[in-house]
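Some notes on the structure that comes next.
The values are calculated or read from the model by the stated rules, or taken from the named source; none is laboratory data. Values in this document were obtained by computation on a predicted structure and should not be read as measured data. Neighbour counts run over all protein chains shown; Cβ positions are idealised from the backbone, glycine included. These accessible areas exclude ligands, DNA and RNA; they are computed on the full protein's heavy atoms, side chains included. Shrake-Rupley method; radii C 1.70, N 1.55, O 1.52, S 1.80 Å.
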Amino acid sequence: MRIIMHALDNFKLTGEKSLRIIADVLMVNGAVIAALALRYFYLVAFEVESSDRYTRIFWTYVSGYRSSAWLLTLICLVVFFASGFYSYGRRYAGRYKALIVAQAVSLSFLLFGFFSYFFGKTLDLPRGALIISWLLTTALLIASRVWSLLWRKMVRAERMLMEQPQAQKEGIVLVIGGAGYIGSALLPKLLEKGYRVRLLDLLLYGTEPIQDSLDHPNLEVVRADFRHVDKVVECMRGVDSVIHLGAIVGDPACALDQELTIEINLMATRMIAEVAKGSGVSRFIFASTCSVYGANDELLDEHSVLNPVSLYARSKIASEQVLRSMANDQFAPTFLRFGTIYGLSGRTRFDLVANLLTAQAIVNNEITVFGGDQWRPFLHVDDAALAVLKTLEAPLEQVCNESFNVGSDAQNFTIMQVGEMVNRLVPAAKLIDMGADGDRRNYRVNFDKIHRTLRFTPQWTLDQGIQQVIEVIASGKVTDFRDAKYSNVKFLNEVGSNQLISRVNGWPYELMKEPPRRRATDRLNLGIVTPQVETLELSTETAS
């Protein structure tokens, strides 16, 4: 009974099935009429000379169509139903649909020929016209099925392209390097705003920086190397915004292995952007640095001449240039040039000048300042994350292919002024001026553009950031600020460099293989001329 009910259900007419039946009836009858017309014009042109016979043949064909077409149509419909045309039988729905259609049409015309043989004059269609109508019917039915299939695929693909940004991609953000200093401050903000976040990070420092967010239902963590194109492609699925924070950060850290720095900071950035653009990602936020301004005594804005004095800055400038060349109406990169960052995040650093001087003051009772006359624009790490969030939520036309200095005019300080600020909050410490420094950077920055365009105003002051560091050290949460995990250059020098160059096979899957070394010519093609970077004292490391 169940089989019978299923069969009856398959034969139940729906609006779509009715339209298909009507279309097939029209194609069968159209083929017969076209065959008769072709046969008639052939006779007129080559065999019949009398006009009287023209008329007689014409009405003979009309009469033959009237007497025969209904039976041919009925036979075709019965055979078509039996072949699964309208019930979508397994054979008809398979890959050999065209063969099934040809077989069904041929069977229908053979059955019609059989009936014509027995009924003689009653079914009077010329044999030539019958053969032509069989060929035309077969061609029309196969062509209609092929066109229907192609049309459905085209419409489905177009619908997916139109619906994906709204239904599947809305609110999904890929954060590359999201477990780092800025990323660990940004992650809670994104999740709090309701974004679905996919985090791609090698997790050199473990999961501790993002521990508080690991169980969030809107967070997906992918532990992999962002230099691997297959992992990047995999992570790019369903994403409409990319925040690229991944890099070797800081002048001394970049100087440890210049080839590796170019590979990670520049080559990988270009590859990630190409994958993002090819995947239909519209918004690409790139973490750059105010270090691109290098040594300059003027007040600098986004239109000022760039004067990099380190490989780190050069790699960021070259990355900006590559991304700018890729920008169009569908791909909108934005460049956030962060000031010298301070303060605490999930992955705190003590190789940054404000944090380092504060830690020295508490632990060593000394504040040693190198290059005290050098200017820096300071920015709390939480405000850096806030700037990323505001860029993400800004209208695309406001941020497309735009650079923004991130910070505030009020937090442009010399290194000595920072030391004096720390000394005011930790008066027991002795402030020591160590004189000039090998670090040639010196820049004051104007931040009007980001304030005017994105309404960005930092929530933290340098005083508050220094107090935050004082409290975390006093509480015992940081037991040794000299630990390698708090310093990019120390960690890479002592622990992490080999993990980037070769690979740890003990993780769930092989994260990377030996990265290929680029030739000098490859670097030159991208505007990178590897400078000789002096190794700097840790106390003067102020990279953003």
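Once you place label points 7 Å from the Cα toward the Cβ at Leu107 and Glu420, how far apart are they in nm?
For Leu107 paired with Glu420, the spin-label model returns 9.8 nm.
Over the range 365-415, with the other protein chains present, what is the accessible area per residue in square angstrom, probe 1.4 angstrom?
Heavy-atom SASA per residue in the range 365-415 reads 29 Å².
Pop out the carbon and sulfur fraction of the accessible area of the range 167-285 as a percent, whole number, probe 1.4 Å.
Values: 1830 of 4150 Å².
Carbon and sulfur: 44 percent of the exposed surface of the range 167-285.
What are the residues whose amide H is under 5 Å from the amide H of Ser241, where those residues sit 5 or more places off or on another chain and H is modelled from the backbone?
It is Leu174, by chain and number.
Please compute the per residue accessible area over the range 193-265 with all protein chains in place, 1.4 Å probe, rounded to a whole number of Å².
For the range 193-265, the solvent-accessible area averages 39 Å² per residue.
Suppose R0 equals 51 Å. What FRET efficiency, 1/(1 + (r/R0)^6) with r the Cβ-Cβ distance, do Glu192 and Arg66 give to the nearest 0.05?
After rounding, the FRET efficiency stands at 0.10.
For a Förster distance of 22 Å, can you work out the FRET efficiency between the beta-carbons of Asp409 and Leu306, rounded to the nearest 0.05?
On the way: r = 20 Å, r/R0 = 0.91.
Working from the Cβ atoms, E equals 0.65.
Name the residues of the range 205-225 whose amide N is less than 17 Å from a point 7 angstrom out from the Cα of Glu494 along the C-beta direction?
So the set is 205-206.
Given the Cα-Cα distance of Phe81 and Phe46 and 0.36 nm per residue of separation, how much length would full extension add, in nm?
Extra length available between Phe81 and Phe46 comes to 8.5 nm.
So, by mean Cβ neighbours within 10 angstrom, what's the order for 311-318, 173-180, 363-370 with the highest one leading?
Highest to lowest by the protection proxy: 173-180, 311-318, 363-370.
Is the C-alpha gyration tensor of the range 205-254 telling us rounded, prolate or oblate? Criteria: a/c under 1.5 is rounded; beyond that, a/b larger than b/c is prolate, otherwise oblate. If you can, show how the numbers build up before the last one.
Working: a/c = 2.02, a/b = 1.17, b/c = 1.73.
Judged from the Cα gyration tensor, the range 205-254 comes out oblate (a/c at least 1.5, b/c at or above a/b).
Going by amide H atoms built from the backbone, whose H comes under 5 Å of the H on Gly372, apart from near neighbours?
Excluding prolines and chain starts, which carry no amide H, the hits are Gly435.
With each label point set 7 Å from Cα along the Cα-Cβ vector, what nm distance links Arg455 and Leu299?
Reported label-point gap for Arg455 and Leu299 is 2.5 nm.
With each pseudo-label sitting 7 Å past Cα toward Cβ, what's the Lys430-Leu214 distance in nm, one decimal?
Placing both labels 7 Å beyond Cα along the Cβ direction yields 4.4 nm.
Would you kindly state how much longer the chain becomes between Val233 and Leu26 on full extension, computed as 0.36 nm times their sequence separation minus their alpha carbon distance, in nm to one decimal?
Result: 69.7 nm gained on full extension.
Given H placed 1.01 Å from N in the peptide plane, which residues other than close sequence neighbours of Leu431 have an amide H under 5 Å from its amide H?
Ile367
When the chain is fully extended, how far beyond the present Cα-Cα distance does Glu16 get from Ala139, taking 0.36 nm per residue of separation?
Full extension from Glu16 to Ala139 adds 42.1 nm.
Strictly over 21 Å apart at the Cα level, which of Lys193/Lys390; Lys189/Lys316; Lys193/Lys477; Lys277/Lys449; Lys189/Lys390; Lys277/Lys316 would you flag in this model?
Values: Lys193/Lys390 11 Å; Lys189/Lys316 25 Å; Lys193/Lys477 28 Å; Lys277/Lys449 27 Å; Lys189/Lys390 11 Å; Lys277/Lys316 19 Å.
Long pairs (Cα-Cα over 21 Å): Lys189/Lys316; Lys193/Lys477; Lys277/Lys449.
If you line up the Cα atoms of the range 244-390 on their principal axes, what length do they span on each, largest first, in Å?
Sorted largest first, the three principal extents are 54, 33, 31 Å.
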